[in-house]
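A.B. asks: I am attaching a structure below and will ask some questions about it afterwards.
The values are calculated or read from the model by the stated rules, or taken from the named source; none is laboratory data. Just so it is clear, the structure is predicted and the values come from calculations on it, not from any experiment. We place every Cβ from the backbone using ideal geometry, glycine too, and count neighbours over all the protein chains shown. The area values use the complete protein model at the heavy-atom level, side chains included, leaving out ligands, DNA and RNA. Shrake-Rupley method; radii C 1.70, N 1.55, O 1.52, S 1.80 Å.
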Amino acid sequence: MARRTIGFPLALGIVLCVIALTLGIGWQLIVVGDLGPVTRGLTRIHWLLIILGSLFFVLIIVGLLLLCLWLVREIRSGQQQQAFLDAVTHEMKTPLAALRLYLETLERRDVDAAQRRRFLSHMALDVERLDRTVSQVLAAARAEGRAAGRARGEPVALGALIERIAEDIRRRHALAEDAICIAHDGAPSARGAEDELGMVFRNLLDNAVKYSKPPVRVSVRIAEAEGGRVAVEITDRGIGIGQRELNKIFRRFYRAGAVRPMAGELGKQVFRQAGLGLGLFIVRSLVRRGGGNVEARSEGEGRGSRFRVLLPGAGE
């Protein structure tokens, strides 16, 4: 069902509940008010039945309202899942089509060495894109199925980990060296699983780059926090997040807007559909699993965003 049709079942349910409530209140006024002589002849049993009937009537109204809200929630959930399937299809079909085109070209034409290297480079990027898509889906499934208990892990040098991730993102998006700046006080270490923390910061940095207008400027600060913990703040000057969406962006399948401007290859601005709606859900799930917390802040659309990840220190 299209997003614009969500309001119709909600409005219909509210109108019907209001009509039913109005009729119920009017019936009570007629019985108790205008028919006073009749009501004086009612026994306690009659009054008990009237009170119980009124109570059950109110419960029916509340049940209808809850049912209406549940239906709207299910409609939205179905929309998000359909959008997720569309996004996965797009993220997988596009690189597959490119790979097929490159392979057919290499098979049917005799290309020179330089062009062959260029084709192989593009094919490697397409394979990476497919790998990231599959990894995101698998990570979301694992994050949802894992127990809520804290995973102890091992000490992880966050500075070195984030440097490696930033270098890979600079290469993949063809960014300048100063596009992602990393600062840290004494290179503090956090306790956790290195592969999970790598996925957390890869998602956050990748989002910061993709949702930024050129020239991309992302700053990362790693510092010790209260209680022996480690705080990592990732700040960008991108498109920002609306206040209404700040509490929703960590939900599974939630995507902040159907179409957003992103930084394209070589700094060109392109417009494409938002991602899978899993990245920030994975971030929150993995950070909480490690005993940490993550929060997002933004002053509004067009004013950038800041994500703060609080992790257990290596000494905890």
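A.B. asks: Which one of GLU91, GLU104, GLU128 is modelled with pLDDT of 85 or more and either under 24 Å from GLY198 (Cα atoms) or open to solvent by 60 Å² or more (accessible area, probe 1.4 Å) (or both)?
C.D. replies: Sole residue among the options that is modelled with pLDDT of 85 or more and either under 24 Å from GLY198 (Cα atoms) or open to solvent by 60 Å² or more (accessible area, probe 1.4 Å) (or both): GLU104.
A.B. asks: Shifting gears a bit: Return the pair list, or none, for Cβ contacts closer than 7 Å from residues in the stretch 53-80 that are without any contact (Cβ under 8 Å) to a residue 40 or more places away in the chain to residues that are part of a helix (DSSP H, G or I), at least 6 apart or on different chains.
C.D. replies: Hits for this filter: SER54/GLN28; PHE57/GLY24.
A.B. asks: Filter the stretch 213-241 down to residues that are outside any loop (DSSP other than H, G, I, E, B) and of a type in the set (A, V, I, L, M, F, W, C) and give me whichever is nearest to the chain's Cα centre (by Cα).
C.D. replies: ILE234
A.B. asks: Something else now. Between residues in the stretch 87-105 that are within 18 Å of ARG118 (Cβ to Cβ) and residues that are among the aliphatic types (A, V, I, L, M), which pairs lie under 6 Å by C-beta distance while being six or more apart or on different chains?
C.D. replies: Short answer, once both residue conditions are applied: PRO95/LEU130; LEU99/MET123; TYR102/MET123.
A.B. asks: I'd like the full set of residues that are basic (Lys, Arg), at pLDDT below 85 and within 24 Å of SER77 (Cα to Cα), limited to the stretch 268-312.
C.D. replies: Correct list: ARG272 only.
A.B. asks: Can you find a residue that is under 12 Å from VAL309 (Cα atoms) and either without any contact (Cβ under 8 Å) to a residue 40 or more places away in the chain or part of a loop (DSSP other than H, G, I, E, B) (or both) anywhere in the stretch 242-249?
C.D. replies: There is no residue in the stretch 242-249 that is under 12 Å from VAL309 (Cα atoms) and either without any contact (Cβ under 8 Å) to a residue 40 or more places away in the chain or part of a loop (DSSP other than H, G, I, E, B) (or both).
The rows are residues; the columns are (1) of a type in the set (D, E, K, R); (2) open to solvent by less than 60 Å² (accessible area, probe 1.4 Å); (3) modelled with pLDDT of 80 or more.
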{"residue": "SER219", "(1), (2), (3)": "no, yes, yes"}
{"residue": "ILE222", "(1), (2), (3)": "no, yes, yes"}
{"residue": "GLU226", "(1), (2), (3)": "yes, no, yes"}
{"residue": "ALA231", "(1), (2), (3)": "no, yes, yes"}
{"residue": "GLY238", "(1), (2), (3)": "no, yes, yes"}
{"residue": "ALA258", "(1), (2), (3)": "no, no, no"}
{"residue": "ALA314", "(1), (2), (3)": "no, yes, no"}
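A.B. asks: For the stretch 45-63, which residues satisfy the criterion of being more than 21 Å from VAL18 (Cβ to Cβ) and either in contact with a helix residue (DSSP H, G or I) (Cβ under 8 Å, 6 or more places away or on another chain) or modelled with pLDDT of 75 or more (or both)?
C.D. replies: The answer is ILE45, LEU48, ILE50, ILE51, LEU52.
A.B. asks: Let me ask another. For the stretch 64-88, give me each residue that is at pLDDT 80 or above and surrounded by 16 or more Cβ atoms within 10 Å (Cβ to Cβ).
C.D. replies: Selection gives nothing.
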